[in-house]
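To start, the structure under review is shown below, and the notes come after it.
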Amino acid sequence: NQHWEMQKVLRDEYSGMVHISTGMTTKDEVEKIVSFWEQGKGNAKERVILYNCTSGYPVPFQDVCMLELKLLRERFAGRVRGFGFSGHHLGISVDIAAYALGATWNERHFTKDRTWKGTDHAASLEPAGLNKLCRDLKAAWQCMSYKKTDILPLEAAQRAKLKWGCYNQDLAKKTAV
């Protein structure tokens, strides 16, 4: 992300989306990148997705530093198109946390065999893991809503059976303060 000749070509000659990882990058360098894209013609900054990333293979959970995603959103909202998470950790729970914190893009390496040699195979997802990640991200997306009514239809029957004052209305009226 510090290769300015390439960034200039992407900004000035390419019209597609550009996904930029912040792994191994200081906050001042990220500011410089965003400012560079803001100086582009037309809607250049509207083509940039910034990714929170810790570049290690694999990254221990305590070094994922997921709250950096929150800082990126606070500092650069409106200055780029969106935000993502580039994960090099084990498992898939961290990706779900990134989504819950506002990542709209998720980047993971995948491999056929995590035991193969190479820097990132151990932190990559095999096909079954990638399927689980997609399943769980869809489930997380589905649960991101507000209640349409105070008591949802699926709660009504349970409420009548289990909620104090609903299943025993006569006793509740006698003991009400």
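The values are calculated or read from the model by the stated rules, or taken from the named source; none is laboratory data. What you are looking at is a predicted structure, and each value in this text was computed from that prediction instead of being measured. Reconstructed Cβ throughout: ideal geometry from the backbone, glycine too, with neighbour counts over all protein chains shown. The protein model used for the area step is the full one, side chains on, heavy atoms only, and it has no ligands, DNA or RNA in it. Shrake-Rupley method; radii C 1.70, N 1.55, O 1.52, S 1.80 Å.
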Hey, if you put +1 on the Cβ of every Lys and Arg and -1 on every Asp and Glu Cβ in the chain, which of THR26, ILE92, THR149 ends up farthest toward the positive end of that dipole?
THR149
So who's got an amide H within less than 5 Å of the one on VAL18, skipping anything under 5 residues away but keeping other chains? H placed 1.01 Å off N, in plane.
VAL48, ILE49
So how much slack lies between CYS134 and VAL9, counting 0.36 nm per residue of separation and subtracting their Cα-Cα distance, in nm?
41.7 nm
With Cα coordinates, the longest principal axis of the chain makes an angle with the long axis of helix 153-162, in degrees rounded to 10, of 40 degrees
Take GLN62 and GLU31, extend 7 Å from each Cα along the Cα→Cβ direction, and tell me the distance between the two endpoints in nm.
3.0 nm
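Rolling a 1.4 Å sphere over the protein heavy atoms, what is the accessible area per residue of the chain, to the nearest Å²?
On the way: 11770 Å² over 177 residues.
Ligands and nucleic acids excluded, the result is 67 Å² per residue.
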Report the semi-axes of the equivalent ellipsoid for the stretch 31-162 in whole Å, largest first, where each axis is √(5λ) for an eigenvalue λ of the Cα gyration tensor.
32, 25, 12
Leaving out ligands, DNA and RNA but keeping every protein chain, what accessible area does GLU38 have, in Å² rounded to the nearest 10, with a 1.4 Å probe?
70 Å²
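Show me the ranking of peptides 15-26, 140-151, 100-111 by mean Cβ neighbours inside 10 Å, starting with the highest. Each step should come with its number before you reach the end.
On the way: 15-26: 14.8, 140-151: 8.3, 100-111: 16.8.
With the highest mean Cβ count within 10 Å placed first, the list reads 100-111, 15-26, 140-151.
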So how exposed is LYS8, as accessible area in Å² (1.4 Å probe, rounded to 10)?
100 Å²
Along the charge dipole of the chain, pointing to its positive end and built from +1/-1 on Cβ of Lys, Arg, Asp and Glu, which listed residue (LEU133, ALA44, GLN169) has its Cα farthest out?
GLN169
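Helix-only mean residue ellipticity at 222 nm, the chain, DSSP H runs n ≥ 4 weighted -39,500 (n - 2.57), per residue, nearest 500. What is it?
Helices in the chain give a 222 nm mean residue ellipticity of -12500 deg cm²/dmol.
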Among 44-52, 115-123, the order from most to least packed when residues are scored by Cβ within 10 Å on average:
44-52, 115-123
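Once neighbouring chains are kept in place and the probe is 1.4 Å, which whole percent of the accessible area of the stretch 1-160 is contributed by carbon and sulfur? Could you put the intermediate results ahead of the total?
Values: 5840 of 10090 Å².
So the carbon and sulfur contribution to the accessible surface is 58 percent.
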Could you sort out which of LYS8/LYS32; LYS45/LYS138; LYS45/LYS132; LYS147/LYS173 sit more than 21 Å apart by Cα distance in this structure?
LYS45/LYS138; LYS45/LYS132; LYS147/LYS173
In sequence order, calculated HN-Hα J values of the stretch 138-152 (Karplus, 6.51, -1.76, 1.60; Hz; x Gly/Pro):
5, 5, 4, 4, 5, 7, 7, 8, 9, 5, 7, 9, 4, 10, 5
Note the angle between two axes, namely the Cα long axis of helix 27-38 and the longest principal axis of the Cα atoms of the chain, as a number of degrees from 0 to 90, rounded to the nearest 10.
80 degrees
Rg to Rh for the stretch 1-57: what is it, with Cα atoms only and Rh by Kirkwood?
0.96
How much net charge surrounds HIS3 when only the other residues with a Cβ under 15 Å from the Cβ of HIS3 are counted, with Lys and Arg +1 and Asp and Glu -1?
-1
Cα axis of helix 67-76 to longest principal axis of the chain: angle in degrees, 0 to 90, nearest 10?
70 degrees
